[in-house]
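The values are calculated or read from the model by the stated rules, or taken from the named source; none is laboratory data. These numbers were taken from a predicted model, which means no experiment stands behind them. Methodologically, a virtual Cβ is constructed for each residue, glycine included, from the backbone with ideal geometry; neighbour enumeration extends over all protein chains shown. Quick note on the areas: whole protein, heavy atoms, side chains included, nothing else; ligands and nucleic acids left out. Shrake-Rupley method; radii C 1.70, N 1.55, O 1.52, S 1.80 Å.
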Amino acid sequence: MTPEIQTIVWLPEGIVRLLDQTRLPGEEVYIDCRDAEDVAEAIRNLRIRGAPAIGVAAGMGLSLGAQTLQATDVTSFLHELRTIKDLLAQTRPTARNLFWGLERIWTVAEKHRDLSIPALKQRLVEEAVKMHQEDLACNRAMGGHGQTLIKNGDTILTHCNTGALATVGYGTGLGVVRAAWEHGKHIQVLVDETRPVLQGARLTAWELVRLGIPSRLITDSMAGDFMRRGEVQAVIVGADRIALNGDVANKIGTYTLAVLCRHHNVPFYVAAPLSTVDPALSTGDQIPIEERPPEEITSIAGVSIAPQGFPVANPAFDVTPAGLVSAIITERGILHPPFAEAIQALCRSAHSS
Ligand code: MRU
């Protein structure tokens, strides 16, 4: 079995250690975050990225921030903790998991406000570690459900990075691919390079080498041609936020793939944990889309490729309407369209369990 990548871990001495994804695939460098600002910097600058991974990072960042507080009464403690929460909430706007991770730690802090400050701090560490463990279990469950959709001999096209690096381990979309492979299915993967940040070329390809799954890297613009030639049997992506009607925000380029899939009659699957569902949003139109720096478009690996100062648009995510999604794979099972009722029922049961 391939050893699990240590995307992010909580060290007992009160350090959050994470693999710096900006250095991959060239170098495997780990960075030690000692306070919430270190974690916020890592999220902001994509050292850790992928919705589930930043959800856990944000939760750990808040717990880490709690450890550094000097407050001696609980009211001041919660007040200062709220400031740290706000700092982490401003790092990236689209992935629902980030806010979910913060809320989870915050709720525990408020619920246990009667504890002594040292005991409360310890309780927050325990919650952060629990989030970490649950993410791995959740991804394995998703993989188990999702692999039933994959047939022996399929070629699967994937976008961005949805593997161990985008999560605590195993992955969402790539976790489904991995589970199919582990079930002995002879599959192949087409990896979209995923311009502009190249998560496919840099990160997914790196993971697939480790996993030993036969794969080829293509540019984003090649996907349609491969589908026209009948060389893609399924597209699997992850999600950054899912609205209650099943609209899905994911890495820019995902919507284009979904449209291509519809035209070529290829199933378009989304794999995401329930923590990606935003119970406050009825449709994808309400999902905030991150606009990233123009340099991501105007240069590649530090080399300028456009006229100096040329205007740029760089939305990091797009929204795929639920009507183009064939199925949503969650840790609780596979949802089929129409999604609204099934998503709402799952959210209700997740809240009550
Ligand atoms: O900008 P990123 O790299 O954080 O974007 C990540 C994605 O869009 C992933 O596809 C998404 O988070 C799902 S991954 C489990």
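Couple of notes before you dig in:
- Close amide H contacts of Arg241 (hydrogens built in the peptide plane, cut-off under 5 Å, sequence separation of 5 or more or a different chain): Arg96, Ala249.
- Cα centroids of region 285-315 and region 8-49: 24 Å apart.
- Karplus 3J(HN,Hα) series, Hz, for region 232-245 with 6.51 cos²θ - 1.76 cosθ + 1.60 (x for Gly, Pro): 10, 9, 6, 10, 10, 10, x, 8, 9, 7, 10, 7, 5, 8
- Rounded to the nearest Hz, the phi-derived 3J(HN,Hα) couplings of region 191-208 under the Karplus curve 6.51 cos²θ - 1.76 cosθ + 1.60 (θ = phi - 60°) are 9, 5, 4, 6, 5, x, 8, 6, 4, x, 5, 7, 10, 5, 4, 4, 5, 5, where x marks glycine and proline.
- Region 101-190: mean projected area of Cα convex hull, nm²: 6.7 nm²
- Summarised as an ellipsoid, the chain has semi-axes of 33, 23, 20 Å, derived from the eigenvalues of the Cα gyration tensor scaled by 5 and square-rooted, with the largest first.
- Equivalent ellipsoid semi-axes, region 144-352, via Cα gyration tensor eigenvalues times 5, rooted, Å: 26, 22, 16
- Computed over neighbours whose Cβ is under 12 Å from that of Tyr30, the net charge equals -1, Lys and Arg +1, Asp and Glu -1.
- Mean-position separation - Cα centroids, region 202-241 and region 61-139, in angstrom: 36 Å
- Working note: Karplus 6.51/-1.76/1.60 with θ = phi - 60° gives region 255-269 the couplings 4, 4, 5, 5, 5, 4, 4, 4, 5, 9, 6, 9, x, 10, 9 Hz, where Gly and Pro are set to x.
- When you filter the trypsin sites (Lys or Arg not before Pro) in region 148-221 for DSSP loop state and at most 16 other Cβ atoms inside 10 Å of their Cβ, you are left with Lys151, Lys185.
- Per residue value of the accessible surface for the chain (all protein chains in place, 1.4 Å probe), Å²: 42 Å²
- Dimensionless Rg/Rh of region 8-140 - Kirkwood Rh, Rg from C-alpha atoms: 0.96
- Surface composition of the chain: carbon plus sulfur atoms contribute 55% of the solvent-accessible area (1.4 Å probe, protein chains only, all chains present).
- Residues whose amide H lies under 5 Å from that of Ser299, counting only those 5 or more places away or on a different chain, are Ile305; hydrogens are built 1.01 Å from N in the peptide plane.
- Debye, to nearest 20: dipole size of region 64-142, +1 on Lys, Arg Cβ, -1 on Asp, Glu Cβ: 200 debye
- Considering only the chain, percent of DSSP beta bridges that pair antiparallel, nearest 5: 55 percent
- Close amide H pairs (under 5 Å, H built 1.01 Å from N) link Val189 with Ile156, Ser215, Arg216, residues at least 5 positions away or on another chain.
- Adding -39500 (n - 2.57) for every DSSP H run of four residues or longer, then dividing by how many residues the chain holds, sets the calculated 222 nm ellipticity at -12500 deg cm²/dmol.
- Within a Gaussian network of the chain (alpha carbon springs, distance under 10 Å), most fluctuating of Ile297, Ile242, Ile287: Ile297
- Inverse of mean 1/r across different Cα pairs in region 263-317, Kirkwood, Å: 14.9 Å
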